[in-house]
Amino acid sequence: MAEAPAAPKSSIKATHHLASGALSGLTSAVCLQPLDLLKTRLQQGYNVGRKRHRLGPVVRQVIRDDGVTGLWRGTVPTVARNVPGVALYFYMLSAIRHELTLVPFFARTTASNEGKRSALAQLSSSGNLVAGAVARTSVGFVLNPITVIKARFESNAYSQYRSLIGGFRHLLAADGVRGLFQGFTATAVRDAPYAGLYVVFYEKGKELASKALSMRPEMSVPNAALHSGSAVSASVLATILTSPADCVKTRMQVAPAENPTIMRAIRHIYTDLGLVGFFAGSSLRISRKAASSAIAWTVYEGLLLMFRARDKTITTTAVQ
């Protein structure tokens, strides 16, 4: 029986992963909140007449009701979720990937050129699938209460929500502790395959791009371009495949009384909007996810590479 390979020693500290993830989460949350809000309004079946599933009327309705700043309603809970959420996700993803390198089935030999462009442990596609799904689902469970508050802030059905604390109080008073985890099943059904597929597509994109660039040494492509391009491509593919689950999740969190189960939410979506309802807000979600992924992974991997280079310089100087 083949022995498991020794896990490569990482020079990147846990604080580096947490700090890089937190900064990337903050940046994407503030910049892209309007897309999140409009996606939520479209998925809940925002009432703007017969055109309720079209973007233009929804944008005009939001601005008419709340002004331009209304597009950033829900930013506080988004930041409260994304900053610790993205930091924990990236940290857990890195830790899980590092441990999976001990398992021969998941481990993969890294091409030297690719290793220079990435600060992450390299795995097979199955390893990336497992690591992404487990990390995202675990963090999603911990942060589900904030996700529920975020969805309600973005919905027009909870205009009484004025603060994060007030939202929690109202949620607990109306639905109890169980309400804090409303929609988690649907969230997990969406997040596990999304995160797993995303990491697979992202790493495969970097691998293919690195191989292509290695054959064209005269081309100088920055790491940021490689990471952001791979992130956008992976996000688009994974988002399209998981859009129906995202619509179900939103219905369950915004209107839990009418949608207590996944099957009930599915029936209501189909009754309200037909099959197209399962892809309501998909263009916004794709745009948001693509932009968020490009920002998050470029900032995250860029900072990790910077930390690694800095630590290497410090170590070399100390030895000399």
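The values are calculated or read from the model by the stated rules, or taken from the named source; none is laboratory data. Not measured: the values here are computed from a predicted model. Here the Cβ positions follow ideal geometry from the backbone for every residue, glycine too, while neighbour counts run over all protein chains shown.
Every residue in segment 224-264 that is free of Cβ contacts under 8 Å to residues at least 60 places away in the same chain, more than 19 Å from the chain's Cα centre (by Cα) and part of a helix (DSSP H, G or I), please. Ala225, Met263, Arg264 - these are the residues of segment 224-264 that are free of Cβ contacts under 8 Å to residues at least 60 places away in the same chain, more than 19 Å from the chain's Cα centre (by Cα) and part of a helix (DSSP H, G or I). Residues in segment 56-108 that are farther than 20 Å from Gly281 by Cα and among the aromatic types (Phe, Trp, Tyr): Tyr89, Phe90, Tyr91, Phe105, Phe106. For segment 199-221, does any single residue satisfy the condition of being at pLDDT below 85 and within 23 Å of Leu37 (Cβ to Cβ)? Scanning segment 199-221 turns up no residue that is at pLDDT below 85 and within 23 Å of Leu37 (Cβ to Cβ).
Of all residues in segment 296-314, those satisfying the criterion of being modelled with pLDDT of 80 or more and of a type in the set (Ser, Thr, Tyr) are Thr298, Tyr300. Just one residue in the set Ile266, Ile286 is modelled with pLDDT of 85 or more and either out of contact with any strand residue (DSSP E or B) (no Cβ under 7 Å at 6 or more places or on another chain) or surrounded by 19 or more Cβ atoms within 10 Å (Cβ to Cβ) (or both); that residue is Ile266.
Of all the residues in segment 265-320, those that are within 19 Å of the chain's Cα centre (by Cα) and not polar (S, T, N, Q) number 20. Considering Ser28, Ser94, the condition of being modelled with pLDDT of 80 or more, of a type in the set (Gly, Ala, Ser), over 22 Å from Thr147 (Cβ atoms) and part of a helix (DSSP H, G or I) is satisfied by Ser94 alone. Got at least one residue in segment 166-182 being modelled with pLDDT of 80 or more, closer than 25 Å to Asp65 by Cα and of a type in the set (A, V, I, L, M, F, W, C)? Yes, that holds for at least one residue.
Within segment 64-78, track down each residue that is over 13 Å from Ala151 (Cα atoms), part of a helix (DSSP H, G or I) and either without any contact (Cβ under 8 Å) to a residue 40 or more places away in the chain or not acidic (Asp, Glu) (or both). If the condition is that a residue be over 13 Å from Ala151 (Cα atoms), part of a helix (DSSP H, G or I) and either without any contact (Cβ under 8 Å) to a residue 40 or more places away in the chain or not acidic (Asp, Glu) (or both), then Arg64, Asp66, Val68, Thr69, Gly70, Leu71 are the ones that fit. Consider segment 213-240 and keep the residues that are within 15 Å of Arg288 (Cα to Cα) and hydrophobic (A, V, I, L, M, F, W, C). The one that is surrounded by the fewest Cβ atoms within 10 Å (Cβ to Cβ) is Ile240.
Looking across Arg216, Arg190, one residue alone is of a type in the set (Lys, Arg) and farther than 27 Å from Val254 by Cβ. It is Arg216. Residues being within 15 Å of Ala224 (Cα to Cα) and part of a helix (DSSP H, G or I) are entirely absent from segment 269-281.
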